[in-house]
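Notes follow once the structure below has been shown.
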Amino acid sequence: MTVQELPGAAAYRPTPPPAWKPITDPAPLLPDPEPHRVLGTDAVADVDPGLLLRLHAELVRGRRYNAQATALTKQGRLAVYPSSTGQEACEIAAALVLEERDWLFPSYRDTLAAVARGLDPVEALTLLRGDRHTGYDPREHRIAPLCTPLATQLPHAVGLAHAARLKGDDVVALAMVGDGGTSEGDFHEALNFAAVWKAPVVFFVQNNGFAISVPLAKQTAAPSLAHKAVGYGMPGRLVDGNDAAAVHQVLGEAVARARRGEGPTLVEAVTYRMEAHTNADDATRYRVDSEVEAWKAHDPVRLLERELTERGLLDDEGIAQAKEAAERMAAALRDRMNADPELVPMDLFTHVYAEQTSQLREQAAALRAELDAEQDHDEHDAEAGR
Amino acid sequence: MTTAAVTADGRRTKAKPATMAQALGRALRDSMAEDPTVHVLGEDVGTLGGVFRITDGLAKEFGDDRCTDTPLAEAGILGAAVGMAMYGLRPVVEMQFDAFAYPAFEQLMSHVAKMRNRTGGAMPLPITVRVPYGGGIGGVEHHSDSSEAYYMATPGLHVVTPATVDDAYGLLRESIASDDPVIFLEPKRLYWSKADWSPEAPAAVEPIGKAVVRRPGRSATLITYGPSLPVCMEAAEAALAEGWDLEVVDLRSLVPFDDETVAASVRRTGRAVVVHESPGFGGPGGEIAARITERCFHHLEAPVLRVAGFDIPYPPPMLERHHLPGVDRVLDAVARLQWEADS
Ligand SMILES: Cc1ncc(C[n+]2csc(CCOP(=O)(O)OP(=O)(O)O)c2C)c(N)n1
């Protein structure tokens, strides 16, 4: 018997299972077809010129900070530095859209965002210098520790934002992650939790093209990273990550949306990592110069400078002034980083538990004895004129 | 296994039989009632009251925001708890079964255990992670692991495990009140064990980190915790027939480890057997035996022995009785403690 011969086959029409209907309409969650831009478009007329000038000054400073920190690695003053050169517009906008009461959850590459938020430039580098894991009190600055394990800070941002909302506090958390980090399980779990809980969080992906050596095409088969938002039930936004005004606008809207209680947003900024992964990496093994050259023409500092000069808001003198201010910051940073950090070995045991266990007390006493013996030895040598 | 039957104001109350599961639920309830920052979260903890019903009634009494059914994602649950603790809450996370806590290991190792240290003391995380652990209930694969060795090997975590109804209440209260993260291991096969217990005035428990002598004795010390305590108590009774008077120490806390109580006991008895059901190789027993040897070498009449589960993935339920250390294996070990050298 063929299918056609089945009794009643002509009358049969499949219908969806009884309980099915789409949970929400996916259309409003979909990102724009192209990354959102402001500079060089009509939209720029609506942007406060004061904001554009502020973004410019911060971008120039940020670029100089990246250069200075990279130089410090060459002098052995920093163990390692993952530069955000080329991504300054993302870093600065992330810092500037937040209110003081809001929280920033940066990854290891986001030193600049932390500094632009007001963190002491040296305190922001202690992790990378190697004298302390976190050189600042996260609660004081509302900046979580710079996070090395990929994407693991994202659920923290969700939990914190959720807790703040339960307490009735008007606080938003902005969590930063790279394109590679979006493949980690924690990314997915965080987005899902945030959407289900309607937590006031903004997930900010800096798609800089590479995860160390792996290009985006080997990381995901999604239409874009912003499209991933739809599956969780939150809007995805695409923005030109080198257009500081556009990043500021899109992140600002996402923060405002979160603050209104409308839940999380996933923002993907399309940008480019101009330097290697860190100073220790050789980018010539996995990328071609022509690509770098193309992105140089789309440099975030130049885009903004061109806009400002064409509109008569900035002249050569203004540019020189911004550079001078950046030089002063860099000189101060260099001087302070040239001093050896003070190391306190006994601190090893101080912050493991609120109260030391008897095991730690024993170990601390043993180290104390070693240190005392070392010192006696040194003093003895000094007396003996050695 | 005493019954505290005196209230704070000195009134005597009547003790009634209660299960360990009830005592744990009561501890959660009392902690939540006393401290509005205590939040319970996990899979099925709300409407259902947890698969073991430990959180029964909490969502009803305190609302969904205080006792929350989360999406099904252990890393997400623990990661969110980290953020909640960063903002001043005291999250109590329920992991559904021992082996289902493994997806959250990244959060546990990299953040929960280290945040106080990473932030120079600025950001302690008062999180309690409740993990039903161990076998003996006929669970299928992945429902009977004893994962304490992984947690013990991670500095920054406290690892606590009750063996009695009183301790289930007292130690959980202490754990929730602790400013440090606590892995609270619940011996699931003792969930339905009963003791006379007065919830109006549960026994005051010392701060976590103190072991207790459950049974004094002179011939040798059995050192154990959690699900193996009843086994050791039974073994100690049976040993009397052989003329051995065994002391039984219940550790209650694996981290911090109470060297003092353990060493004092072994110095008295001169012989020791460590008993647990997690695999012996790389397990807690090796660490404990080494600590005893370091502290009590000249008091020892025999090498410290271990009675542990086999070094195998947890077996299918119909075979688990061969894997779990029972009274006979404990007595066999005691018999090997070089008694002849003594006589
Ligand atoms: C869980 C985890 N796995 C691996 C690494 C090693 N690692 C450090 S950075 C990196 C690439 C990350 O790329 P991406 O997320 O795109 O961020 P970007 O470095 O480009 O800013 C890798 C694999 C890590 N830090 N954490």
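Scanning region A:256-271 for residues that are within 16 Å of the ligand (Cβ to nearest atom) and open to solvent by less than 10 Å² (accessible area, probe 1.4 Å) yields A:266, A:267, A:268, A:269, A:271.
The set of residues in region A:67-93 that are within 13 Å of the ligand (Cβ to nearest atom) and within 16 Å of the chain's Cα centre (by Cα) comprises A:81, A:82, A:83, A:84, A:85, A:86, A:87, A:90, A:91. Within region A:129-172, the residues that satisfy the criterion of being within 7 Å of chain B (Cβ to nearest Cβ) and hydroxyl-bearing (Ser, Thr, Tyr) are A:134, A:152.
Of everything in region A:139-148, what is open to solvent by 60 Å² or more (accessible area, probe 1.4 Å) and within 16 Å of the ligand (Cβ to nearest atom)? Give them in sequence order.
We begin by selecting, within region A:139-148, every residue open to solvent by 60 Å² or more (accessible area, probe 1.4 Å); these are A:139-140, A:142, A:148.
Scanning region A:139-148 gives a single hit, A:148.
Here B:335, B:263 are screened, and the one residue that is among the aliphatic types (A, V, I, L, M), in contact with a helix residue (DSSP H, G or I) (Cβ under 9 Å, 6 or more places away or on another chain), farther than 24 Å from residue B:186 by Cβ and open to solvent by less than 20 Å² (accessible area, probe 1.4 Å) is B:263.
Open to solvent by less than 10 Å² (accessible area, probe 1.4 Å), away from every other protein chain (no Cβ under 14 Å) and more than 14 Å from the ligand (Cβ to nearest atom): does that describe residue A:222? The answer is no for residue A:222. In this structure, does residue A:253 turn out to be touching a Ser or Thr at 6+ places or on another chain (Cβ under 9 Å), within 23 Å of residue A:191 (Cβ to Cβ), open to solvent by 20 Å² or more (accessible area, probe 1.4 Å) and of a type in the set (Asp, Glu)? Criteria met by residue A:253. Total residues in region B:90-103 satisfying the condition of being facing another protein chain (nearest Cβ under 10 Å) and buried (at least 24 other Cβ atoms within 10 Å of the Cβ): the figure is 1.
The helices (runs of 4 or more DSSP H) found entirely in region B:250-340 that carry 2 or more residues being under 11 Å from residue B:223 (Cβ atoms) and more than 14 Å from chain A (Cβ to nearest Cβ) are B:259-269, B:284-296. Can you pull out the residues in region B:249-279 that are under 16 Å from the mean Cα position of the chain (by Cα), free of Cβ contacts under 8 Å to residues at least 60 places away in the same chain and closer than 21 Å to residue B:328 by Cβ? Result: B:249, B:274, B:275. Restricting to region B:229-260, give me the number of residues that are under 19 Å from residue B:148 (Cβ atoms) and open to solvent by less than 30 Å² (accessible area, probe 1.4 Å). Total satisfying the criteria: 15. The one condition from (1) over 19 Å from the mean Cα position of the chain (by Cα); (2) open to solvent by 10 Å² or more (accessible area, probe 1.4 Å); (3) under 21 Å from residue B:174 (Cα atoms) that residue B:42 does not meet is (2). Among the candidates A:252, A:233, the residue that is at positive phi and away from the ligand (no atom under 16 Å from the Cβ) is uniquely A:233.
Being away from the ligand (no atom under 16 Å from the Cβ) and open to solvent by 20 Å² or more (accessible area, probe 1.4 Å) is the filter; apply it to region A:99-115 and report the residue that is nearest to the other protein chains (Cβ to nearest Cβ).
Here is the first cut: in region A:99-115, the ones away from the ligand (no atom under 16 Å from the Cβ) are A:99-103, A:115.
Cutting the leftovers down to open to solvent by 20 Å² or more (accessible area, probe 1.4 Å) gives us A:99-101, A:115.
Details: A:99: 16, A:100: 15, A:101: 11, A:115: 18 Å.
Checked region A:99-115; the qualifying residue nearest to the other protein chains (Cβ to nearest Cβ) is A:101.
Scoring residue A:239 on the criteria (1) surrounded by fewer than 24 Cβ atoms within 10 Å (Cβ to Cβ); (2) away from every other protein chain (no Cβ under 14 Å); (3) touching a helix residue (DSSP H, G or I) at 6+ places or on another chain (Cβ under 8 Å); (4) touching a residue at least 60 places away in the same chain (Cβ under 8 Å) leaves a single failure, condition (1).
Yes/no per residue for (1) within 14 Å of another protein chain (Cβ to nearest Cβ); (2) among the aliphatic types (A, V, I, L, M):
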position	(1), (2)
A:276	no, yes
A:281	no, no
A:291	no, no
A:295	no, no
A:301	no, yes
A:307	no, no
A:362	yes, no
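Sort out which residues of region B:54-83 are among the acidic types (Asp, Glu) and more than 9 Å from chain A (Cβ to nearest Cβ), and write them in order of number. Matches in region B:54-83: B:56, B:61, B:64, B:69.
Counting the residues of region B:110-136 that are within 19 Å of the chain's Cα centre (by Cα) and open to solvent by 30 Å² or more (accessible area, probe 1.4 Å) gives 1.
Among the residues of region B:207-240, what is the count of those that are outside any helix (DSSP H, G or I) and more than 14 Å from chain A (Cβ to nearest Cβ)? Full working, then the answer.
Taking region B:207-240 first, the residues outside any helix (DSSP H, G or I) are B:207-225.
From what is left, the residues that are more than 14 Å from chain A (Cβ to nearest Cβ) are B:212-225.
Going through region B:207-240 one residue at a time, the tally reaches 14.
Residues of region A:149-199 being within 16 Å of the ligand (Cβ to nearest atom) and open to solvent by 20 Å² or more (accessible area, probe 1.4 Å), which ones? Of everything in region A:149-199, those that are within 16 Å of the ligand (Cβ to nearest atom) and open to solvent by 20 Å² or more (accessible area, probe 1.4 Å) turn out to be A:149, A:150, A:178, A:183, A:184, A:185, A:188, A:189.
Identification of helices (runs of 4 or more DSSP H) wholly contained in region B:44-123 with 2 or more residues that are over 15 Å from residue A:156 (Cβ atoms) and at pLDDT 95 or above yields B:58-62.
Here residue B:154 clears all of (1) in a helix (DSSP H, G or I); (2) among the polar types (S, T, N, Q); (3) surrounded by fewer than 21 Cβ atoms within 10 Å (Cβ to Cβ) except the condition numbered (1). Right, residue B:139: surrounded by fewer than 24 Cβ atoms within 10 Å (Cβ to Cβ) and either on the phi > 0 side of the Ramachandran plot or assigned to a strand (DSSP E or B) (or both) or not? Taking the combined requirement at face value, the residue does not satisfy it.
Open to solvent by less than 30 Å² (accessible area, probe 1.4 Å), at positive phi and within 16 Å of the ligand (Cβ to nearest atom): is that true of residue A:209 in this structure? Taking the combined requirement at face value, the residue satisfies it.
Kindly indicate which of A:343, A:314, A:333 is of a type in the set (A, V, I, L, M) and within 14 Å of chain B (Cβ to nearest Cβ). One residue alone meets the criteria, A:343. Entry remark, region A:126-138: residues being more than 20 Å from residue A:352 (Cβ to Cβ), away from the ligand (no atom under 16 Å from the Cβ) and under 16 Å from the mean Cα position of the chain (by Cα) number 0 in total.
The values are calculated or read from the model by the stated rules, or taken from the named source; none is laboratory data. Model, not experiment: these values are computed from the prediction. Virtual Cβ from ideal backbone geometry, glycine too; neighbours counted across all protein chains shown. The accessibility values were calculated without ligands, DNA or RNA, using every heavy atom of the protein model including side chains. Shrake-Rupley method; radii C 1.70, N 1.55, O 1.52, S 1.80 Å.
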